[in-house]
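The values are calculated or read from the model by the stated rules, or taken from the named source; none is laboratory data. The structure presented is a predicted model; accordingly, all values stated were derived computationally and were not measured. Here the Cβ positions follow ideal geometry from the backbone for every residue, glycine too, while neighbour counts run over all protein chains shown.
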Amino acid sequence: MPATNEGPTTCRLSPWPMSALRIVFGLIWAVDAALKWLPGFRSSYMSTIMGIAQGQPGWLKPWFRFWIDLQHPRAMFFAYLVAVVETLIALALIAGVARKLTYVSAAIFSVLIWATAEGFGGPYTSGASDIGTAVIYAILFLGLLALSYYAGPSPYSLDYYLERRYSWWWRVAEVRRPDQAPVSPSVQRPRRGSEASTLVPALAHAVSSQEHMHEHQG
């Protein structure tokens, strides 16, 4: 009996769980950014980086020497720059603005913080107990980027409304075009409607054949 197969189904995640995760993550970044605006952070900014560089192995010293030489003459500028960047990341996460650009930029920024101020987490030093928090932030940003591919536009973000107003805004907000849903492989099952549409003619043909056979026999 012939049966038609249903095409591949589209897989789209509900947007609100990811939006809730994004907003909570943004609130964490907001607290962190608020601490960066305190005078204590600016006064200890350079000494923190120089202190991290002291315990690094010899093969990493050129890397930290580069960043120390770059920032030392203008330490106050870089301290304010870090505070501004973290504030922008927090606001973008909470409001849901330019999400794709935010996720990628924040992941790069987190890796940079991990590779400088956190000293790569120092897993190669004695007494190290973790690999640092900034690299975990970077992984979480990449996770949000991957989830946004499947979730698509989020109505719980400003991007959702900006995309309606500006046709090009999806390029900085979405991983893919909003009208393109990812294809999820699924088991090919015959449609009930198509199965019924083929079953009825087949039964009618069988009944007609039986009647013709009876007529010839008679």
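Remarks
- Which listed residue is closer than 25 Å to Leu162 by Cα, modelled with pLDDT of 95 or more and part of a helix (DSSP H, G or I), from Leu35, Leu88, Leu81: Leu88
- For the stretch 43-78, a residue qualifies if it is surrounded by 17 or more Cβ atoms within 10 Å (Cβ to Cβ), modelled with pLDDT under 95 and not hydrophobic (A, V, I, L, M, F, W, C), and exactly one does: Gln56.
- For the stretch 13-32, a residue qualifies if it is in a loop (DSSP other than H, G, I, E, B) and surrounded by 12 or more Cβ atoms within 10 Å (Cβ to Cβ), and exactly one does: Leu13.
- Test: Leu101 is modelled with pLDDT of 95 or more, out of contact with any helix residue (DSSP H, G or I) (no Cβ under 6 Å at 6 or more places or on another chain), assigned to a helix (DSSP H, G or I) and in the same structural domain as Asp159 (by TED's automatic domain parsing): no
- Of the residues making up the stretch 53-102, those that are within 28 Å of Val31 (Cα to Cα) and among the acidic types (Asp, Glu) number 1.
- Looking across the stretch 52-89, the residues that are more than 30 Å from Leu101 (Cβ to Cβ) and touching a Gly at 6+ places or on another chain (Cβ under 9 Å) come down to Ala53, Gly55, Gln56, Leu60.
- Ile94 falls short of the stated requirement of being among the hydrophobic types (A, V, I, L, M, F, W, C), under 14 Å from the mean Cα position of the chain (by Cα) and either under 17 Å from Ala173 (Cα atoms) or not assigned by TED's automatic domain parsing to the domain that holds Ala173 (or both).
- Subset of the stretch 134-165 [in contact with a Ser or Thr (Cβ under 7 Å, 6 or more places away or on another chain), within 12 Å of Val104 (Cα to Cα) and not hydroxyl-bearing (Ser, Thr, Tyr)]: Ala138, Phe141
- Scanning the stretch 80-109 for residues that are aromatic (Phe, Trp, Tyr) and out of contact with any Phe, Trp or Tyr (no Cβ under 7 Å at 6 or more places or on another chain) gives Tyr80, Phe109.
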